[in-house]
1. Hey, what number do you get for the chain at 222 nm if only DSSP H runs of n ≥ 4 count, each worth -39500 (n - 2.57), divided across all residues, to the nearest 500?
2. How much accessible area per residue does the stretch 101-178 have, counting only protein heavy atoms and a probe of 1.4 Å, in square angstrom?
3. Express the accessible area of the stretch 1-81 per residue in Å², computed with a 1.4 Å probe while the remaining protein chains stay in the model.
4. Could you give the size of the charge dipole of the stretch 1-146 about its Cα centre, using +1 on the Cβ of each K and R and -1 on the Cβ of each D and E, expressed in debye and rounded to the nearest 20?
5. Relative contact order for the chain: what is it in percent, counting Cα pairs under 8 Å that are at least 6 residues apart?
6. Over all distinct alpha-carbon pairs, what is the Kirkwood Rh of the chain in angstrom?
7. Based on Cβ point charges of +1 for Lys and Arg and -1 for Asp and Glu, what charge dipole magnitude is obtained for the stretch 1-82 about its Cα centre, in debye rounded to the nearest 20?
8. State, to one decimal in nm, how far the label point of Thr182 lies from the label point of Ile35, with both points 7 Å from Cα in the Cβ direction.
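The values are calculated or read from the model by the stated rules, or taken from the named source; none is laboratory data. Just so you know, these numbers come straight off a predicted model, no measurement behind them. Here the Cβ is made from the backbone with ideal geometry for all residues, glycine too, and neighbour counts use every protein chain on show. For the accessible areas, the whole protein counts, side chains as well, though only heavy atoms, and no ligand, DNA or RNA atoms are used. Shrake-Rupley method; radii C 1.70, N 1.55, O 1.52, S 1.80 Å.
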Amino acid sequence: MTEEELHGTLRASPLCRGLTEIELTELLGCRFAQIKRFDKGQRLFGEEDRPVAIWMLLSGKVNVGRDTLRGHPVLLACIQTPGELFGEVYAFMEQPRYGMYAQAEAPTVVLAVDQAALLGGHTHGDALVAVLRQNLLTIFARKAYAMSRRLRVLGGQTIREKLARYLVDHQTPDGAVSARPTREELAEYLNVTRPALSRELGNMAREKILRLDGRKITILDQEMLEKSL
């Protein structure tokens with residue numbers, strides 16, 4: 001990864017929002033931020049490790065998961081967008097261990113920011129740290145809002161009710177649905193099976209409540225849709 005590519009990834013990250021080129025260079029050169037490289041299959045941290053850093057993906061792919069008592073792996077998240085953060089909440093939770101692991105699923109490069117710096121443990125680069133702290137608060141607020149929206153959707157008693165809540169939450173004034181997830185992504189978001197989701201979408205299309213065009217969904221009958229809420 002060239003320096004220009006690295007700066008581009010950092011600029012696109014919500015953690016570095018508002019930083020100047022000089023501040024980005026300062027971040028990469030300060031002692032509380034390190035670029036780390038991992039081979040495929042190598043763990044960035046384990047379940048019993050003490051949280052010490054906020055992690056930002058620069059390139060590659062990281063799976064976050066945990067093992068059951070019988071050793072069965074459970075996937076919690078897949079981190080594959082450059083600039084995406086993971087493990088950031090642990091900087092403020094005072095947890096003695098992660099309780100999950102992060103493993104590289106491809107050759108991976110990350111930026112590890114020492115959480116002590118964000119909690120006031122460093123005096124170097126105070127202005128830079130202040131911006132990072134403020135951006136973290138914004139990130140937490142957005143994630144909390146997104147989780148709140150999802151919980152409202154998951155509160156539906158039936159697949160149709162969940163789907164109706166999702167569509168109303170994402171529709172535009174012209175009746176189109178702004179989000180265009182794949183069926184797999186939408187089924188995962190609604191916590192239902194893909195076949196069950198496809199059947200319900202098909203039923204709603206036959207009832208002229210909505211129109212399907214690939215991944216595009218258009219609401220045709222707003223009154224009927226809202227009766228399912």
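1. Value at 222 nm, helices only: -12500 deg cm²/dmol.
2. That works out to 49 Å² for each residue.
3. That works out to 61 Å² per residue.
4. Dipole size: approximately 420 debye.
5. 18 percent
6. Final number for the Kirkwood radius of the chain is 20.1 Å.
7. Result for the stretch 1-82 is approximately 360 debye, rounded to the nearest 20.
8. Going by the 7 Å Cα→Cβ label model, 3.1 nm.
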